[in-house]
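Note sheet for the following structure.
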Amino acid sequence: MMTLLKLALLSAWNRRLTLGMTIIAVTLSVGLLLGVERLRQEAKESFSQSVSGTDLIVGARTSPVQLMLYAVFHLGEATNNIRWSSYEAIASHPAVDWSIPLSLGDSHHGFPVLGTSTAYFEHFHYGDALALSFAEGKPFVGVFETVVGAEVADKRGYKLGTPITLTHGSGDGALTEHANKPFTVVGILKRTGTPVDNTVHISLAAMEAIHLDWQGGAPLPGFSIPAEYVSKFDLTPKEITAVLVGLKSRAGVFKMQRYVNQYSGEALLAVLPGVALEELWQVLGAAERTLFAVSCMVVIVGLLGLVAVILASLGERRRELSILRSVGAKPRDVFFLLTVEGLFVTVVGAVLGVLLVTMITVLLAPTIQARFGLSIALRGISIEELTLLLGVVSVGLFASLIPGYRAYRLSLADGLTPRL
């Protein structure tokens, strides 16, 4: 058996260029599969941790997914706002430790504008209970001061002290600017990999101030209140979009949720962020599954290439196989050697694929973190990735049976008869 293996290794070495190219193909296929799986897991984890440490998200009664979309991801619009008096009732509830009011509706060059309080910078957490931190500057204090996310600052080239104006309405299609009430950038947040990066933050008083001379979603004709006079008006909000709520004890989360859902003042909805985010991820799961399926197809194509290469070489190796028979090899030995050869190429390709993903992680993780806010940590192989690797090796073994069986048949038919 050792002699046969030695001969097989020498044969493989003589075809090192062809087998080397096949190993590279399998390596790239496995690397792509593992890379997509790792990115998928990191993206899902980042998605599920867009907000953490928040026990309830409260808004007007709608679907939990829609509430999460506009309250956390600032996408779409609320079916209705909630009254300020309702917010005060929730914030003053004995079970509530802290609350963050959110007011949406305006934009800045396509970026959503979020009206909130300074509690946002104290209590909003993301990821593994990470707090917001400033790359530059500080939270807003004055009415016309703003704090921008990292992506806003990068794409627009904003620095501290940059003046900006906001646009009424959301999205790039909004046309009417609040040109008479400019803001000054006083803070730039560090990148988080969450919707915070794409958000312009202002105070609730500022959100009221820019709409003092508006009515029914349009500016009052012939009437304008200059920025220097807004402090003479009551800037307490009348309505807000949603509320993030933190409780003194998480044990009372369902009791508080029931209180909000049964609130008599108006129709409200309280959702648990983790449950709603998981439901939202299921909605987005089709794209995730499609990408994973494409990666699997690439691996299959790579393994089919392995089968094709070994089958194509059988015609040139018929005399070699006959010589193996002459030194005592049986047809089953030839079958075994061809199968092991294919399995060896698969295993080597899988190992090199793991090393390739590890190397790319080491080299590109800082860039991905800085550019996309997606943290890809250097770690060992997870159970899911190990399952994928075992699946690849199993498929590779099954694929190797084809040239092994073909060699077995040729060995039986040829014996020592030379092929004319």
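What follows draws every value from the coordinates through simple rules; no lab data is involved. Keep in mind that what you see is a predicted model, and the values were worked out from it rather than measured. Glycine also receives a Cβ, built like all others from the backbone with ideal geometry; neighbour counts cover every protein chain displayed.
Need the full-extension length gain, T165 to D234, defined as separation in residues times 0.36 nm minus the C-alpha distance. One decimal, nm. Don't skip to the end; give the middle numbers.
Values: separation 69, 0.36 × 69 = 24.84 nm, distance 2.20 nm.
Contour length minus the Cα-Cα distance gives 22.6 nm.
Between the amide H of L268 and those of R61, Y263, distances stay under 5 Å, these residues lying 5 or more places away or on another chain, with hydrogens modeled in the peptide plane. When DSSP beta bridges are restricted to pairs lying wholly in the range 51-283, around 80% turn out antiparallel.
Among 183-196, 231-244, what's the highest-first ranking by average C-beta atoms within 10 angstrom per residue? All intermediate terms of the calculation are to be shown ahead of the outcome.
Numbers: 183-196: 21.3, 231-244: 16.4.
So the peptides 183-196, 231-244, ranked by packing, come out 183-196, 231-244.
With a Cα cut-off of under 22 Å and a minimum spacing of 8 residues unless on different chains, the lysine pairs in the range 51-283 number 9. Amide H to amide H, with H built 1.01 Å from N, D106 comes under 5 Å of V113, G169, counting only residues 5 or more places away or on other chains. Couplings 3J(HN,Hα) of the range 250-265, computed from phi: 5, 5, x, 5, 6, 5, 5, 4, 5, 4, 5, 5, 9, 4, 7, x Hz, in residue order, whole Hz [Karplus 6.51 cos²θ - 1.76 cosθ + 1.60, θ = phi - 60°; x for Gly and Pro].
In this structure, the amide hydrogen of H178, modeled 1.01 Å from its nitrogen in the peptide plane, lies closer than 5 angstrom to those of L166, T167, H168, counting only residues at least 5 positions away or on a different chain.
Each of L67, S86, F111 was placed along the dipole of the range 51-283 (beta-carbon charges, centred on the mean Cα), and the one lying farthest toward the positive end is S86.
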